[in-house]
1. Restrict the search to the stretch 132-237; then list the trypsin sites (Lys or Arg not before Pro) that DSSP places in a loop and that have at most 11 other Cβ atoms within 10 Å of their Cβ.
2. Ordered by residue, what ³J(HN,Hα) values in Hz, to whole numbers, does the stretch 65-77 give under the Karplus form 6.51 cos²θ - 1.76 cosθ + 1.60, where θ = phi - 60° and Gly and Pro are x?
3. Out of the stretch 188-248, which GluC sites (Glu not before Pro) are coil in DSSP terms and have no more than 11 other C-beta atoms within 10 Å?
4. Please report how far the C-alpha centroid of the stretch 348-416 lies from that of the stretch 225-276, rounded to the nearest whole angstrom.
5. Evaluate the Kirkwood expression for the hydrodynamic radius of the stretch 99-195, namely the inverse of the mean inverse distance over all pairs of different C-alpha atoms, and round to one decimal in Å.
6. Considering amide H positions built from the backbone, and no H for Pro or chain starts, which residues 5 or more places from residue 65, or on another chain, come under 5 Å of its amide H?
7. Output the peptides 319-326, 151-158, 384-391 sorted from most to least packed, where packing is the average of other Cβ atoms within 10 Å over each peptide's residues.
8. What ³J(HN,Hα) values, in whole Hz, does the Karplus curve 6.51 cos²θ - 1.76 cosθ + 1.60 give for the stretch 166-182 when θ = phi - 60°, with x put for Gly and Pro?
Amino acid sequence: MVKFAKLSYDGKSVEFPLVEGTEDELAIDIKSLRAATNLITLDPGFKNTGSCQSAITFLDGEKGVLRYRGYDIEDLAKNADFLEVAFLLIFGELPTSEQLDKFLVDIKEESYIDEDLKKILESFPSAAHPMGVLSSLTSALTAFNPKTFDVESEDEMYRAIVRIMGKLPVLVAWVFRKKSGLPLKYGDYALGYVENIARMMFRKPNKEYVANPIIDQALNKLLILHAEHEQNCSTSTVRIVGSSHAGLFASVAAGISALWGPLHGGANQAVVEMLEDIRKDGGDIDKYMIKAKDKSDPFRLMGFGHRVYKNFDPRARIIKKAANEVLENLGIVDPVLEIAKKLEQAALNDPYFADRKLYPNVDFYSGIIYRAMGISTETFTVMFALGRLPGWIAQWREMRLNKEPIGRPRQIYVGQNQRPFVPLNKR
Ligand code: SDX
């Protein structure tokens, strides 16, 4: 039975149907609001506004629950391979071994980059931020794959999907290698998806590459944990760019740019820079806790807080455990890990953070693992983008298959009222 919400305004009352999700979430369907009342809603940052109905990810921010297509993130991080999670997110079900094999082969067939695109990469200054380079190259992929632009059929979408699943890891590896001063190399067709990413990134030009299972397993887990997160800033960007039918590559390129910001995916870089600053400043945790709470100080505790999670980010718990294991297995002692743990403890016991329900998020410990892998701080967010790719693809595909309208929000105008033009000689 459909439930309704009643809005009373100016002596009138109008009812709007409620939409109920499969996890008992409720929303007011206001599609008819402006026509019925000439009113619109106003919600900066969309903190109370749903943009779509989606079957991909369920988040419960109060309970710290995250599920991809109904599977708990803890189960997937422990048991799954990143490519099967990508298949699950994009197509809705865990793949059979035949489906997974075909998906991997179709992706491998696309795992190369047009040589002219390599020239674009080589033209960037070495100091260029890897996220800006990656976004530019991803957008440039459309120029070399014009058929992936305004795709309509599921088959055309599938072709675009395997193309970007094949090409983005090469771009990520090359952006990382260019930043590291290494020659741009391909991987090994015989390897699995994640193993090949590690090989493309870490192989040295002067010796045979020997895979490190610790690195491969940590990378697999990190990519799964970053793969999807419902309507976050970058995913919403992918959806709204895709809603104009600008194509998958252009939509993902826009998502990469949105993810770059330090309030979003760029936080993993900002966290390690913050921890390094604290270490260089003598490790005075209390001093930085005071700064984080001081409204006159722009300093924020990066890697803390979340728009949706008002409890622990379940991914942060898993990554914190993995950080300990990876550093121990690699025999690395990283002083910033200890500073991170002390900062976490101080914040969890501080009323300012407890009252605002500010807990460590996915970005708080991830950079410590990337660092242990030998990934440069500026390239951390590129790894986040690589993980988030299947989520962006899944959301883009769902939006296109649902034939959702072009995204075009309204506004309340607060500028000048009508006024006559003033000629230059009279101003
Ligand atoms: C990601 O949305 C997603 O799902 C994102 C993500 C994903 O997987 O896609 O999970 C990935 O982006 C994680 C978030 C990474 N960002 C950071 O770690 C940057 C630091 N965190 C914040 O800037 C902040 O917490 C946000 C941006 C994450 C959330 O901001 P909101 O929801 O807009 O909350 P807010 O800024 O209104 O803060 C509420 C209060 C404010 O204080 P009061 O005005 O109530 O006194 O909490 C304070 C804020 O000042 N606050 C912080 C803080 N975060 C919030 N104070 C100090 N340090 C912080 N980190």
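All of the numbers you see were taken from the coordinates with simple rules; none came from a lab. Please read these numbers as outputs of a predicted model, since none were measured by experiment. Cβ atoms come from the backbone with ideal geometry, glycine included; neighbour counts cover every protein chain shown.
1. Details: sites: 147, 159, 163, 167, 177, 178, 179, 185, 199, 203, 207, 221; in loops: 185, 203, 207.
Passing both the DSSP loop test and the Cβ count: 207.
2. Each residue of the stretch 65-77 in turn: 9, 9, 10, 9, 6, x, 9, 4, 4, 4, 5, 5, 5 Hz.
3. On the way: sites: 195, 208, 228, 230; in loops: 208, 228, 230.
Taking the stretch 188-248 and a limit of 11 other Cβ atoms within 10 Å, the loop GluC sites (Glu not before Pro) found are 208.
4. 5
5. Values: mean 1/r = 0.0703 Å⁻¹.
Mean inverse Cα-Cα distance, inverted, gives 14.2 Å.
6. Correct list: 60.
7. Numbers: 319-326: 19.5, 151-158: 13.4, 384-391: 26.4.
Going by the mean number of other Cβ atoms within 10 Å, highest first, we get 384-391, 319-326, 151-158.
8. x, 8, 4, x, 5, 4, 4, 4, 6, 4, 5, 5, 5, 5, 8, x, 9
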